[in-house]
Amino acid sequence: MTSPINPPTTQAGAAEDDTRSTVYAIVGAMAPVAGAELTDETTLIADLGYDSLRLLELTLALEQGLGLPELAPEETATVATLGDVVHLVSAARRQEAAR
């Protein structure tokens, strides 16, 4: 009898999963619409009810909660989905680690 083989988790993959879990928790806790399903395709405005002020508050919460440097407005302006937030935070964490 053979047992299933799970591919080894890479350090980068584990870090991305950790980032995703943390971002989902922060975004979900702050979402004006409670109880929405959180996936990478979930939109911040249409699905979760974020408005411009709440998006600014979310940005500050992510910076402070994850110890990130200030996120540039031109980077945050293109964020539309939860997956976009995860990618933005992951990139900021990689940049911070490279310093």
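Conditions tested, residue by residue: (1) modelled with pLDDT of 95 or more; (2) of a type in the set (Phe, Trp, Tyr); (3) on the phi > 0 side of the Ramachandran plot.
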{"site": "Gly35", "(1), (2), (3)": "no, no, yes"}
{"site": "Asp40", "(1), (2), (3)": "yes, no, no"}
{"site": "Thr59", "(1), (2), (3)": "yes, no, no"}
{"site": "Thr76", "(1), (2), (3)": "no, no, no"}
| message | Going residue by residue through region 69-82, is there one that turns out to be outside any loop (DSSP other than H, G, I, E, B) and more than 25 Å from Val33 (Cα to Cα)? | response | yes
Quick one: would you say Ala61 is farther than 16 Å from Ala25 by Cα and either out of contact with any Leu (no Cβ under 7 Å at 6 or more places or on another chain) or surrounded by fewer than 17 Cβ atoms within 10 Å (Cβ to Cβ) (or both)? no
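The values are calculated or read from the model by the stated rules, or taken from the named source; none is laboratory data. Bear in mind the structure is a predicted one, so any value in this text is a computation, not a measurement. Virtual Cβ from ideal backbone geometry, glycine too; neighbours counted across all protein chains shown.
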